[in-house]
Structure formats: C-alpha cells, structure tokens
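Visitor: Before I ask anything, let me first share the structure, which is written out below as structure tokens.
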Amino acid sequence: MAPSIEYAQSSYGKLSWLPAAIGFLVGGFFLRLIDAVVPHLHLSKDISEAESVPEHSRKKLSKTALLFLAIIIHNFPEGLAVGVAFGALSANPSPEAFVGAIGLALGIGLQNVPEGAALSIPIRTDGKSRLKAFYWGSMSAIVEPSGLF
C-alpha cells in the first residue's frame, strides 16, 4: 500500500492515503460478496451439501460449474497482478521492470494451460465434446484481461 500512497501524494496531498484505503475496502467487500454468492463445496461432499447456497438452488450447479467458478475467481487477481506489473513499468520505465512485467505475464499465461486442462478433463468426462471441453477450459482464463484495466 505504501507505493500507492506515495503515488497519490502529488495529487491528494494529506489525503494520499484515501485512494489506497478505498481500494483496500472495495477489495475486501468484493471478496466478501464472492464468499456470500459463490457456493462452497468440498471434494468429498455431494453437490446437495454445498455451503452458501439456498436449498432450492443447490441442484442447479454441477461440480464442474463450481470448478469453473473457482478457476475464474482465481484468475481475476492474476490479471490484476499483471496489470500492476505493467502499471509499475509506466512509473519506472527500466529494462528490469520491463523484464519483470513480461516474465510475470508469461509465467501466469503458462500456468493457465494446466488450469484449463484441470477444467477441460472433468467437462470431457461428463460427456461433452472435445471442442466444448477445450472452449470452457480456455474461457476460464477470459477474466484475466479484465484485471489489466
């Protein structure tokens, strides 16, 4: 948080802590909203035992759909991390910062391959086509670019 406060010093003066505090609180509320809305299911449990879901809607989501949601929730902060790395590059246009931002983007991009496979395999096992399994596996990472902005 210290770099964001320093960055806001020139625009906000004594209130430079305010944008960082607001961002921190909004992030906390967002996490709480996700926790309240998205069902929790442990691997050993049946879908009817999902937590945080009203009784009447527990059967509507499959384990694969819950896995898809989990991977999407996991991927959004990764996009934010890449966005922050490239944002830091604009404040410090050094070759080291550029290599760091590119390295982070490539690393996160590469680890999306096994994540997509981890989603595609259960979809394929559920009887869907290879194309549909590949599509949903790759779509699980579609939220990452939204974190860049």
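Visitor: Would you confirm whether any residue within segment 129-144 is at pLDDT 90 or above and either at positive phi or not in a helix (DSSP H, G or I) (or both)?
Guide: Scanning segment 129-144, I find at least one residue that is at pLDDT 90 or above and either at positive phi or not in a helix (DSSP H, G or I) (or both), so the answer is yes.
Visitor: Scanning for something open to solvent by less than 40 Å² (accessible area, probe 1.4 Å), in contact with a Leu (Cβ under 9 Å, 6 or more places away or on another chain), touching a residue at least 40 places away in the same chain (Cβ under 8 Å) and not β-branched (Val, Ile, Thr), does segment 110-119 turn up at least one residue?
Guide: Yes, some residue in segment 110-119 is open to solvent by less than 40 Å² (accessible area, probe 1.4 Å), in contact with a Leu (Cβ under 9 Å, 6 or more places away or on another chain), touching a residue at least 40 places away in the same chain (Cβ under 8 Å) and not β-branched (Val, Ile, Thr).
Visitor: Give me the pairs, please: first residue somewhere in segment 88-109 and within 30 Å of residue 138 (Cα to Cα), second residue anywhere and among the aromatic types (Phe, Trp, Tyr) and outside any loop (DSSP other than H, G, I, E, B), beta-carbon distance under 7 Å, and either six or more positions apart or on two chains.
Guide: Qualifying pairs under 7 Å: 89/98; 101/86.
Visitor: Filter segment 9-67 for residues that are open to solvent by less than 50 Å² (accessible area, probe 1.4 Å), of a type in the set (A, V, I, L, M) and part of a helix (DSSP H, G or I); which is modelled with the lowest pLDDT?
Guide: It comes out as 47.
Visitor: Here's a check for you: in segment 120-149, which residue that is of a type outside the set (A, V, I, L, M, F, W, C), under 11 Å from residue 64 (Cβ atoms) and open to solvent by 100 Å² or more (accessible area, probe 1.4 Å) is farthest from the chain's Cα centre (by Cα)?
Guide: Looking at residues that are of a type outside the set (A, V, I, L, M, F, W, C), under 11 Å from residue 64 (Cβ atoms) and open to solvent by 100 Å² or more (accessible area, probe 1.4 Å), I get 125.
The values are calculated or read from the model by the stated rules, or taken from the named source; none is laboratory data. Just so we're clear, the structure is a prediction, and the values are computed from it rather than from any experiment. Cβ sites come from the backbone with ideal geometry, for glycine too, and all protein chains shown count toward neighbours. We work out accessible area using only protein heavy atoms, side chains counted, and drop any ligands, DNA or RNA first. Shrake-Rupley method; radii C 1.70, N 1.55, O 1.52, S 1.80 Å.
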